[in-house]
Structure formats: C-alpha cells, structure tokens
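Enquirer: I have a structure I would like to understand better, so I am pasting it below and will then ask my questions one at a time.
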Amino acid sequence: MRTVDFSPLYRSVVGFDRLADLLDSAASETATGYPPYNIERTGEHDYLIEIAVAGFKPDELNIEVKESVLTVQGRKTANDEQRRFLHRGLAERNFERRFQLAEYVVVTDAKLADGLLQISLKRELPEALKPRRIEISGAKGQTVLEGQKAA
C-alpha cells in the first residue's frame, strides 16, 4: 500500500492542523475489520453506530469520548477453565474502534442487546449557530411586519 506524505500540507496551511491530522491518521490507519459495525442516520441530526460484540458483557466494554474521538474498547476477561474446541469460529479477542466525531456531535445513549452495541449520537448546535429571524425596522424605527407598509 502506498503512503502519502502530508508534510507539504502542514507547511502551507495555518489553522487547519486538525484536518491535516485527520488525513494523516486516515492514511496510516490499518483497517482490521473486527468487529464489524454499521453507521446509520436515523434523523436529521441523529445517528446510530451499531457494533457486533457477540460474547462481550457490558463490564468488558468501554466507551469514551475525548477531543472529538469516540473510542470503543472490548477487553475479554481471562477464562481460566480449559476448553477444547473442535472448531473456533467466534473471535473473542480484544478490540479497539475509533470514530472521529464532527463538531457538536455528542453521545446520547449506549445499549447492549442481542450481541449489538448501539451508540446513539446527536448533533447539537449551540444557539449562536442556529438560524434565527431578524426583524426589519422601518425608516423611523418602527418595526415593519410582513404584509404591512411602513407608516
């Protein structure tokens, strides 16, 4: 696999460090494919991440958000009893999945059911960034409402 050198990008942009870091980490990240996951858009500002974690108990899973990175870790506890497998198709190995979250996306809920870890996300814009209606005042400081003429 070819790697891309982003060092010219670092020299020519100011204030876009996070974007350059994202590109750099995406290019260097090795995709393991384990555990499989889905990302679903459930509403205009709502998202759902489903991760297949069959065999993991809630106390063996850890979900953390730090600096816009959602990290999901699974750590299997040591099983002391000796088991003799004829076929072992279930991968009960430790894992770590990272998801880069956009600005103002927050984790609202996490559930474990039927071997699926469901993490609900919501984009919550601050009031200052939400669209708002600006009133237009008339020539003499009077407010002009829609459909009326200024006096």
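The values are calculated or read from the model by the stated rules, or taken from the named source; none is laboratory data. If you're wondering where the values come from, they're calculated on a predicted model, not measured in any experiment. Heads up, the Cβs are rebuilt from the backbone with ideal geometry, glycines too, and the neighbour counts pull from every protein chain shown.
Enquirer: Would you be able to say whether some residue in the range 63-77 is farther than 30 Å from K130 by Cα, assigned to a strand (DSSP E or B) and of a type in the set (S, T, N, Q)?
Expert: yes
Enquirer: Quick one: is G147 under 21 Å from P35 (Cα atoms) and at pLDDT below 95?
Expert: On the way: under 21 Å from P35 (Cα atoms): no; at pLDDT below 95: yes.
Here the answer is no, as G147 does not meet what is asked.
Enquirer: Okay, next question. Can we say N38 is over 30 Å from K130 (Cα atoms) and surrounded by 10 or more Cβ atoms within 10 Å (Cβ to Cβ)?
Expert: It is false that N38 is over 30 Å from K130 (Cα atoms) and surrounded by 10 or more Cβ atoms within 10 Å (Cβ to Cβ).
Enquirer: Restricting attention to the range 86-126, and to residues there that are surrounded by 15 or more Cβ atoms within 10 Å (Cβ to Cβ) and charged (D, E, K, R), which single residue is modelled with the highest pLDDT?
Expert: By that ranking, first place goes to K122.
Enquirer: Have a look at G115, G89 and point out the one that is under 23 Å from A52 (Cβ atoms) and touching a residue at least 24 places away in the same chain (Cβ under 8 Å).
Expert: Only one candidate qualifies: G115.
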